[in-house]
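Where a number appears in this text, it was derived from the coordinates with a stated rule and is not lab data. No experiment lies behind these values; they were computed from the predicted model shown. Don't worry about glycine lacking a Cβ; one is built from the backbone with ideal geometry, like all the others, and counts go over all protein chains shown.
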Amino acid sequence: MIDSVAVASMMMGAAIALPVISKKAPKINREEILCRTGLRVITEEEKSLVALQLTRAGINKPPEYLHGLKVCLASGYLLGMSFIGLIFSISPLLMLFLLAAGTPLMWFLPGMRLKQKIAARQAEAGNRLDDFTTYLSTALSSAPDILTALQEAGEATGGVYKEEIDKVLKENASGKNLSDALFDWGVRMDVREINTLISTLNQIYIQGAKASEKMKEFAAQVRISKQNKMMEAAGKLNIRLIFVVTFFMLIPLLMAVGYPAVHAVLSAF
C-alpha cells in the first residue's frame, strides 16, 4: 500500500528544500565532473574515435565528457528507478525488467544523439553544397583571393558552412597551410562531395587553375547531381505509393464490385 500522505509530505518538503539548497550550495563545474568521471572508464582507443565523432558533430567537448555523461545517465536512472520502486512498492520482477531495459538505453543514448547530430550536419552540408559553390564562384569572379572568396561564400551560405569556413580561416591564420586546413575540413565533415570540392580548391590554390571557371563547372556538376538524386527519390516514392494505393483503394474496390456477384452465386444454391 502506498502511503499517500507520506509521499505528499516528502514531495512538499523536497519542493521547499531544493530551491534553498541550490542557493546555499557551492557552484559545481558539471563539465569537469563529467570529464573526470569519463576519464575513469574511457580507453585510449576510444578517445580518438569519440574525439573524431564529436568534431564531426560540431561539439567542442573532450571525449571524456561523453563517457562521463553516459555514466551519470545510467547511474542516475538506476538510483532514480530504485527510489521510485521503494516508494511505490513496485514488484521485483517489473523493477528488474525496467532496470534491465532502461539502463542500457541511458548508456547508449548520448552516442545515439551524437550520431544523429553528425548525420544532420552531413545532410545539411550535402543539401546546401550547390548554394555554397554558387556563392563561391561568384565571389571568385569579383575577388581573385581564395581566402576572401571562401569567407564571403561561407557567410552567405551560413549554417555549417560558416562554422567550418571560419575554422579553416582561423587555422590558416595561425600558420597552417591552406591545403592542410581544407584537408582537416574534409575529415571533419566526411562527405564525398565536400572532398571533391576540396580537391577543386586545391587545384585552384596550388596549381593556379582558373578559379571562377573551375568553380562554375563544379557548381553545375553539383546541381546536376542534386537533380538526379531528387529524381531518384521521386521514383522510389512512386514505387512505394503503388503499394499504398493497392491496399487502400484497389482491395476495397474489388470487394465492393465482387460482393454482389459472390452473393448472387451463393444465393442461387
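Taking the Cα centre of segment 28-120 as the origin, how large is its charge dipole in debye, to the nearest 20, when only Lys and Arg (+1) and Asp and Glu (-1) carry charge on their Cβ atoms?
Dipole of segment 28-120, to the nearest 20 debye: 240 debye.
Relative to the present Cα-Cα distance, how much length would full extension add between Leu39 and Arg128 at 0.36 nm per residue of separation?
Values: separation 89, 0.36 × 89 = 32.04 nm, distance 3.76 nm.
Full extension from Leu39 to Arg128 adds 28.3 nm.
Assuming a strict under-23 Å limit between Cα atoms, what lysine pair count do you get for segment 128-221 once near-sequence pairs (fewer than 8 apart, same chain) are dropped?
Values: Lys162/Lys170; Lys162/Lys176; Lys162/Lys214; Lys162/Lys216; Lys167/Lys176.
Lysine pair count for segment 128-221: 5.
First check a/c for segment 28-120, with a ≥ b ≥ c the square roots of the eigenvalues of its C-alpha gyration tensor; if it is under 1.5, answer rounded, and if not, answer prolate when a/b is larger than b/c or oblate otherwise.
It comes out prolate by the Cα gyration axes.
Give, in nm to one decimal, the length gained when the segment between Phe97 and Asn202 is fully stretched (0.36 nm per residue of separation minus the Cα-Cα distance).
Result: 32.2 nm gained on full extension.
Output ³J(HN,Hα) for segment 112-129: one whole-Hz value per residue in order, computed from phi by the Karplus curve 6.51 cos²θ - 1.76 cosθ + 1.60 with θ = phi - 60°, and x for Gly and Pro.
5, 5, 5, 5, 5, 5, 5, 4, 5, 5, 5, 5, 5, 5, x, 6, 9, 5
Note down the nm distance, to one decimal, between modelled labels 7 Å out along Cα→Cβ at Lys226 and at Asn195.
Modelled inter-label distance: 2.2 nm.
Sort 84-96, 111-123, 65-77 by the packing proxy (mean of other Cβ within 10 Å over each peptide's residues), most packed first.
65-77, 111-123, 84-96
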